[in-house]
Structure formats: structure tokens, C-alpha cells
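Colleague: Got a structure for you, written out below as C-alpha cells; questions coming shortly.
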Amino acid sequence: MSDHILRPALVLGLLSCIGPFAIDMYLPAMPAIATALGTGVAAMQGTIMAYFIAFGLAQLVYGPWADRFGRKPPLYAGIAVFILGSVFCTLAPTVEWLIVGRAIQGLGGAALMVVPRAIIRDLYTGPAATRLMAAVMMVISVSPMLAPLAGAGLMAVAGWRAIFGALVVAAAISLAILTLFQPETLRQADRQPFNLGAMRRGTAVLFTDPLFMGLTFLGGFGMASFFVFIASASFVYTGAFGLSPTGFSLAFAVNAIGFFTASQMAAPLGLRHGAPKVMAWASAGFAAFTLVLFLLALAGAVNLWLCVAGLFLANACLGLIIPTAMVMALDEHGDIAGLASSLGGTLQMLAGGAMIAAVGPFFDGTATPMLGAIALCGVLVLALSRLVRARQAAAG
């Protein structure tokens, strides 16, 4: 990886890690937290849904803010809000307080996802942007591989509240990285008015762009499949499959490795075959793997190893889809990259939250409802991929 990609990838990746760490670190502790706070699976899934919904809605503010005043001010604000939410979670006496703390974390963590995407668009477009996006995702990949293990270790040594205390420390480190190593990338001449009129006009452009909307929801339902897994897997793997918190963390890491390893191939494959073809192949593979896994679950033929292997292959396909869809969606909207990134992120997070809410009533402690929701996401991704490709062909 060349130096001009490596440095921004490290900085942006470390900044962007905070949001995923806030999700992944406490996953092994969810059953223990439910017991400690005297609540059930649905309420604990609500802590994840609250994070995603707040995370998604907050992007509508951070994107235009970043377009008007530059990329760094909203990042500073986001880190401060995230620290406040982490303190709430650390001290939470009930699950209701934990849900509030998670929502505040989401409000802050949104800045650390949407603004780095806009920074990538400031620096590069096309295949170069895809390479940088994939490199950032490679840095972020430390979260799903190490964060659950770190959370399980902290819980074993100091209890589940130490996990949220560690997130306060991680956010403080991000603040130092932002201050010392991330320059402002939005030139004064490129800053856009921050007012409702400008936001309404920009939003109208994006909502009426079928390609942007198609790519946004294509990536959104792909991400939603992973959100469903995040909300359900700790209970399925520890309950139905009998894993310990550490065993769950290792199984979770295997699935994440599939995603992030494949994401590094998105740019090279896009250069060789074209992004639309890569998207079509990966979407077909994602739908096929998830559907087969769900049908096997319905037949009662899914065990731990088959579940892990099937999701590994499905998430490898997803690793090609997500960075490609993100870059393609932003490519034609460089003048409103912040708004486009925030609106796209909001719609994707709301799709994820909706899928978690939809699967919740059907959760029975087995893998079948989780795999069914993931398969539904696979079918939607494939359908949207075909619509996007048809639209691109019609446009010439």
C-alpha cells in the first residue's frame, strides 16, 4: 500500500473504529448484562437498535455541518457526545438507562463514520477512492476481530461496566489522533451553505437520483444483514450452540475476517472487471449463500460449524458489495459529498434498525429467525443489484 493511501487510511480508520468498537465490545456481555439488569433478549436487542437509529438520524446533521464548516468541527463534537454516552452506559442502573446511553453513543459515533467518508471523497474519486475506502475498512477490521475478545476479557476481569469505561478511553485517544494527525480537507472555496434551503435542494437531488437511492439501499440491506447478526448472534451462539463469551468472540471474528479480507479485493476486481460486474457477482453469491443457509436451518441441519462457514462465505461477498456501493453512490455528488454520505448513512442505518425490529418478535433462541432475516436481506440486495445494473445500462 503506497504512502499516500497508508497515512489517511490509518488516521481515518482509527477514527472510524470507535463506532464499531461501541457495538462489538459489549456483544459477548449481552447475556450477562441482561441477567445483571433483570431484563430479556428483546430489551438487549433494543440497546443495539437505539444505537443504530440514533446513529442514522444524527448523520443528517453531521453531513451538512461538515459541508459548511469543514470536516474537523463535527468530528470534535461527535467525540464529545460519544464520551457522554459511554459514561451513561458505564453507570446505567437499569436497561432503560443503558438504552438512553446507547442512543447518546450513537448520536456521537455517527460523526466518526459519516465525516471520514466525506474526507475520502475530498481526497479521491473512482478506483482510488475505492482503494482508500477498502484500506480504511481494513483498519476498521480490527474491531470485529479484537473488540469482542477485549470485551470478554474486560468482563471476566472487571465486569461488564468496564467495557464502557474502556470506550471512554478509546474516544479520548481518537480526540488526540484527530487533533494531531488529521488535517482539514475541505477547502474554503468548496464549502456549502448550511441552511434548510440548501439541505432541502440537495436532498431533493439525491432522493430523485435512482442510481444513488438504489446503491444506498443495496448497501443498506447488505449492512442490515450484519446488524441482524450483531443483535442476535451472542444469544444464538451462547444459548443454542453452547459457546462461552470467548468462544462467541472467536466465532464472530471468523465471520468478520471474511468480510474485511474480501473488501480488500473490491478495488482490484473493480479495475479489472468493472464495478457493476463485481457488484452483480457478489450480490448473487450473497443471496445464494444466505438462502442455502436458511433452508438448511429450516430443515434442522445447521450446526455451529455450518453456520460459521456459511456466514463466512456470505460476508465475504458482502465485503465486495459495501465499499463498492458506497463509492459508486458518492461519485456523482462530489459537491454535496457530506450530505450524500449522511443521507445514505441514515437510510442504511434505518434499514438495519427496521430489520432488527422485524426479526425480534420471531426470535426463539435458535439460529433460524436470524438466518431467515439475513436471507431476506440477501434477496433484497440481489434485486437492487439488478435494478441498479439495468439503470446504468439504460443511462448509457
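The values are calculated or read from the model by the stated rules, or taken from the named source; none is laboratory data. Values in this document were obtained by computation on a predicted structure and should not be read as measured data. Cβ: placed from backbone, ideal geometry, glycine included. Neighbour counts: every protein chain shown. Surface accessibility is based on the protein's heavy atoms, side chains included, excluding ligands, DNA and RNA. Shrake-Rupley method; radii C 1.70, N 1.55, O 1.52, S 1.80 Å.
Colleague: Could you tell me which of the residues 203, 130 is polar (S, T, N, Q) and at pLDDT 75 or above?
Modeller: On the way: 130 fails: at pLDDT 75 or above.
That would be 203, the only listed residue that is polar (S, T, N, Q) and at pLDDT 75 or above.
Colleague: I need the full set of residues from the stretch 272-288 which are open to solvent by less than 60 Å² (accessible area, probe 1.4 Å) and part of a helix (DSSP H, G or I), in order please. Walk me through it before giving the result.
Modeller: Keep residues of the stretch 272-288 that are open to solvent by less than 60 Å² (accessible area, probe 1.4 Å), which gives 274-276, 278-280, 282-288.
Hits for the stretch 272-288 are 275, 276, 278, 279, 280, 282, 283, 284, 285, 286, 287, 288.
Colleague: Among the residues of the stretch 55-86, write down those that are out of contact with any Phe, Trp or Tyr (no Cβ under 8 Å at 6 or more places or on another chain) and under 18 Å from residue 164 (Cα atoms).
Modeller: Once the filter is applied, which keeps residues that are out of contact with any Phe, Trp or Tyr (no Cβ under 8 Å at 6 or more places or on another chain) and under 18 Å from residue 164 (Cα atoms), the stretch 55-86 yields 55, 79, 80, 81, 82, 83, 84, 85.
Colleague: Could you please let me know if residue 351 is touching a helix residue (DSSP H, G or I) at 6+ places or on another chain (Cβ under 8 Å), within 26 Å of residue 131 (Cβ to Cβ) and in contact (Cβ under 8 Å) with a residue 24 or more places away in the chain?
Modeller: Working: touching a helix residue (DSSP H, G or I) at 6+ places or on another chain (Cβ under 8 Å): yes; within 26 Å of residue 131 (Cβ to Cβ): no; in contact (Cβ under 8 Å) with a residue 24 or more places away in the chain: yes.
Criteria not met by residue 351.
Colleague: Also: Taking the stated definitions as given, is residue 374 under 30 Å from residue 30 (Cβ atoms), out of contact with any Leu (no Cβ under 9 Å at 6 or more places or on another chain) and aliphatic (A, V, I, L, M)?
Modeller: Details: under 30 Å from residue 30 (Cβ atoms): yes; out of contact with any Leu (no Cβ under 9 Å at 6 or more places or on another chain): no; aliphatic (A, V, I, L, M): yes.
No; evaluated as a whole, the condition is false for this residue.
Every residue, every condition in (1) surrounded by fewer than 18 Cβ atoms within 10 Å (Cβ to Cβ); (2) within 26 Å of residue 284 (Cβ to Cβ), yes or no:
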site	(1), (2)
211	yes, yes
220	no, yes
230	no, yes
243	no, no
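Colleague: Read through the list (1) at pLDDT 80 or above; (2) over 17 Å from residue 47 (Cβ atoms); (3) open to solvent by 20 Å² or more (accessible area, probe 1.4 Å), then give the number of the only condition that residue 373 fails.
Modeller: Looking at each condition in turn, residue 373 falls short on (3).
Colleague: Note down all Cβ pairs under 8 Å where the first residue falls in the stretch 244-261 and is free of Cβ contacts under 8 Å to residues at least 60 places away in the same chain, the second is hydrophobic (A, V, I, L, M, F, W, C) and open to solvent by 50 Å² or more (accessible area, probe 1.4 Å), and they're at least six residues apart or on different chains.
Modeller: Listed by first residue and then by second, the contacts come to 254/312.
Colleague: Restricting to helices (runs of 4 or more DSSP H) lying wholly in the stretch 1-111: which have 2 or more residues that are basic (Lys, Arg) and open to solvent by less than 30 Å² (accessible area, probe 1.4 Å)? Outline the logic, then answer.
Modeller: On the way: elements: 3-16, 18-24, 30-36, 41-69, 72-91, 95-109.
Counting at least 2 such residues, we get no helices (runs of 4 or more DSSP H) at all.
Colleague: Which of the following residues is over 17 Å from residue 328 (Cβ atoms), crowded, with 16+ Cβ neighbours inside 10 Å and touching a helix residue (DSSP H, G or I) at 6+ places or on another chain (Cβ under 8 Å): 298, 269, 306, 291? Steps first, answer last, please.
Modeller: Values: 298 fails: crowded, with 16+ Cβ neighbours inside 10 Å; 269 fails: over 17 Å from residue 328 (Cβ atoms); 306 fails: crowded, with 16+ Cβ neighbours inside 10 Å.
Of 298, 269, 306, 291, the one residue that is over 17 Å from residue 328 (Cβ atoms), crowded, with 16+ Cβ neighbours inside 10 Å and touching a helix residue (DSSP H, G or I) at 6+ places or on another chain (Cβ under 8 Å) is 291.
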